[in-house]
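Below is one structure, written out as structure tokens, with a few remarks after it.
No lab work stands behind these numbers, since they all come straight from the coordinates. Predicted, not measured: the structure shown is a model, and the values here were computed from it.
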Amino acid sequence: EISVSVISCLVLVCLVKLASKMILSVDTSIEPRDVKGNHSKSVLFEASSLAEELQRLEKNFGKDKWKTLSNVWLGFLFHAASHCDGTTRMELL
């Protein structure tokens, strides 16, 4: 008998895979400004561009995309930590 939590995890995995395919299916060869004029870029376009670039780095240069992402996030965290005071950091914890 399969538990509800196992089914939920399987559904979540399927949804994540579907979302990944949708993000990677966005045509990033056309700049959003050419389609939308002066409106800002969509988050989906940016996500797709980032995903393509990470895959390219992994394929062409053997860079692990997850290690690259973790290094970027560590950089963000170090930058944020060095630019806010101790009280703010304590409040965030």
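For the chain, the membrane-span-like helix rule (DSSP H, alpha carbon extent of at least 18 Å along the helix axis, mean Kyte-Doolittle at least 0.0) picks out 4-24, 65-82; this says nothing about an actual membrane.
Taking a cut-off of 23 Å, what percent of all Cα-Cα pairs in the chain are separated by more than that? When every Cα pair of the chain is considered, 54 percent fall beyond 23 Å. Quick one: compute the contact order of the chain, relative version, from alpha carbon pairs under 8 angstrom and 6+ residues apart, as a percent. Rounded, it is 17 percent for the chain.
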